[in-house]
Amino acid sequence: MTTTSAAGSAERTATFRDVFAVAEFRALFASFGIFLIGETVKMLALSVLVYERTGSGLLAALAYVTGFLPHALGGVFLLALADRWPPRALIVGYDLLRLAMVAVLASGLLAPGAMLGLVAVVGLFGPVSSAARAALLPEILHGDAYVLGRSLLTMASGGTQVAGFAVGGLLLGLVGPYGALWLTAATCALSALLVRLGLPVRPARARAGGTTGGRGAVRETWRVNRALLGDRRIRGLLLAQWLPGSLLVGAEGVAVPYAAGLGPGASAGVLLMAGALGMLVGDLLVGRFVAPRRRERWTPWLALLLGVPMLVFVARPALWPAAALFAVSTAGFAYQLGLARRFLDAVPEARRGQAFGLLSTGLMAVQGLAAAGAGALSEVIAPGVVMALAGAASLVCTLALWRVLSPAAAPPAAAPPAAPMR
C-alpha cells in the first residue's frame, strides 16, 4: 500500500507545514490529543467519585493510577496483537471499549471496587492501542518528518494533559464527577470517529495464522519480546531510551517534599511546570530547528544535560533557581529524537507495533521504579540529595551507553533475526 510522504529527503529538516500537510497525521494527532484529555478527565473524576463514596484516600489514589498500573501487564502479555490486527480497527476498537467502560462508570451501577476492577481490565489493552498508533506514524510520515511528528506527539502529550487537568477541574465543579464521566465518553466517541474517518484501512503487519503459526497472543508476545531484547542493537537502543531520562523521574517524584522544605511560599507545582516547559521547549527546538545529522550527533550531549543540572540540588537551591534547573534538565529529553530513526531502522517492519509497545512498557516500568526508589530514599535522606543522586544516576547511565548514543560509534546492526521474529 502506498503511503503519503511528508518530506522527500531524510536529510532535509522537516517543517510543521510538511507534517500537518498529511491528512492522516492530522487525524492521528487530533485523536491522540482528545484521547489524552479524556483519559485525564476520567482519572480525576473517578478519583473524586471513589473518595466521595468511600472516604478512603488510599482508594482515591488507586483510582487515579488504576488505568496505568495494568500497562506493564498488557505490555508483557498482549503486545503481539499490535502487529496481528489492522491498526485502524485496533485503535477504534479500543476507543469504543473505553466508551463502554466510561458509560458503565457514569451510570453509577458499580461499587467502587468493581469500578476499579473494570478500569484495570480495560487498561490491559491500552499498550496495544498505543503501540499500534506509534507503529502507524512511520507509515504516514517519512524521513525527518517522522522525527518531527514524533516530537509533536510528545509535546501534545504534555500540553493536552495540562489542559485535561484544567478542564477536569472545571467540569468537576460544574457538573460533578458523573457529568465529567459522561463528557469523557463523548471524547472516546470523537476520538474513534476521527480515526475511523481520517485513516485508511491498512492490513496487519503480521498474520496470526501464517506468520505466527497459530500461537496465542501471550506466547507470541513473550517470544517476540525475547527476540527483540536478544538483538544487541535493538537492546542497546531500548536501554538508551529507557534509562537516562527515566531515572530523572526520580527527581520529579520528590518535588513535593523538596518544595515543602523550602518554606510555606514554595510550591512543587512550580517545579513540575518548569520541568514540563523545559521538555516542551527542548523537543520544539531540537525537533524543528536542528538538522537531522546534527541532531543525531548531539544525542549523547543532550542526554548529559539531563543529569548535570540536578547535581546542584545537593546545595538545596531556592524555588526559582530550582525551577530553572529543572527546565534546563528536562530540555535534555530531546536526546530521544536523535534515536528515533535509528530505532525505527533497527526493528523488523513486521514487528514495529510490538517494538514500540516494548519501548513504552519499559519506559513506564523504569519511571515507576525510579519514582518509588526516590520516594523511599527521601524517607532517610534530604530530598535535595535524592534529586542530586537521580541526576548522578542519569549521568552514569549516559556515560555507560555513550557508544550507543553516539551514531558514529553505534554498534553495527546484527543480522536480522528473521526466523525468531516471523
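So here's what we get for this one:
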{"item": "Two-site FRET efficiency, Val201 against Val385, from Cβ-Cβ distance with R₀ of 56 Å, rounded to 0.05", "result": "0.55"}
{"item": "Ratio of the Cα radius of gyration of region 246-329 to 2.2 N^0.38 Å, where N counts its residues", "result": "1.19"}
{"item": "Ordering of 257-267, 296-306 by packing [mean C-beta count within 10 Å, highest first]", "result": "296-306, 257-267"}
{"item": "Formal net charge of residues neighbouring Gly236 (Cβ-Cβ distance under 12 Å; K, R +1; D, E -1)", "result": "+4"}
{"item": "Helical mean residue ellipticity (222 nm; -39500 (n - 2.57) per DSSP H run of 4+; nearest 500) of the chain", "result": "-24500 deg cm²/dmol"}
{"item": "Percentage relative contact order, the chain, counting C-alpha pairs under 8 Å, at least six apart", "result": "25"}
{"item": "Inter-probe distance in nm under a simple model that places probes 7 Å from Cα toward Cβ, at Arg297 and Ala103", "result": "5.7"}
{"item": "Arg53 paired with Arg288, simple spin-label distance in nm, labels 7 Å along Cα-to-beta-carbon", "result": "4.4"}
{"item": "Label zone at Leu170, where the point sits 7 Å out along the Cα-to-Cβ direction: region 27-51 residues whose backbone N lies under 15 Å", "result": "37-38, 41"}
{"item": "Semi-axis lengths (Å, descending) of the ellipsoid that matches the C-alpha gyration tensor of region 329-397", "result": "31, 15, 7"}
{"item": "Arg223/Ala120 FRET efficiency (R0 25 Å; Cβ-Cβ; nearest 0.05)", "result": "0.45"}
{"item": "Relative contact order (%) - region 288-387, alpha-carbon pairs under 8 angstrom, separation at least six", "result": "34"}
{"item": "Net charge of Cβ neighbours under 11 Å - reference Gln354; Lys, Arg +1; Asp, Glu -1", "result": "+3"}
{"item": "Computed accessible area, Ile381, all protein chains, 1.4 angstrom probe, square angstrom", "result": "60"}
{"item": "Fully extended contour minus Cα-Cα distance, from Ala315 to Ser157, at 0.36 nm per residue", "result": "53.6 nm"}
{"item": "Calculated SAXS-style log₁₀ I(q)/I(0) at q = 0.06, 0.08, 0.10, 0.12 Å⁻¹ - the chain, Debye, Cα scatterers", "result": "-0.24, -0.44, -0.71, -1.05"}
{"item": "Farthest positive-ward along the chain dipole, Cα basis, beta-carbon charges - from Val50, Met155, Val19", "result": "Val19"}
{"item": "Accessible surface, the chain, averaged per residue in Å² (probe 1.4 Å)", "result": "41"}
{"item": "Region 283-338: relative contact order as a whole-number percent, Cα under 8 Å and 6+ apart", "result": "57"}
{"item": "Separation in nanometres of the label points that stand 7 Å from Cα toward Cβ, at Ala30 and Ala365", "result": "3.7"}
{"item": "Within the accessible area of the chain (1.4 Å probe), percent carbon and sulfur", "result": "70"}
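The values are calculated or read from the model by the stated rules, or taken from the named source; none is laboratory data. Keep in mind that what you see is a predicted model, and the values were worked out from it rather than measured. All Cβ positions, glycine included, derive from the backbone under ideal geometry; neighbour counts span all protein chains shown. For accessibility, only protein heavy atoms count, side chains too; no ligands or nucleic acids. Shrake-Rupley method; radii C 1.70, N 1.55, O 1.52, S 1.80 Å.
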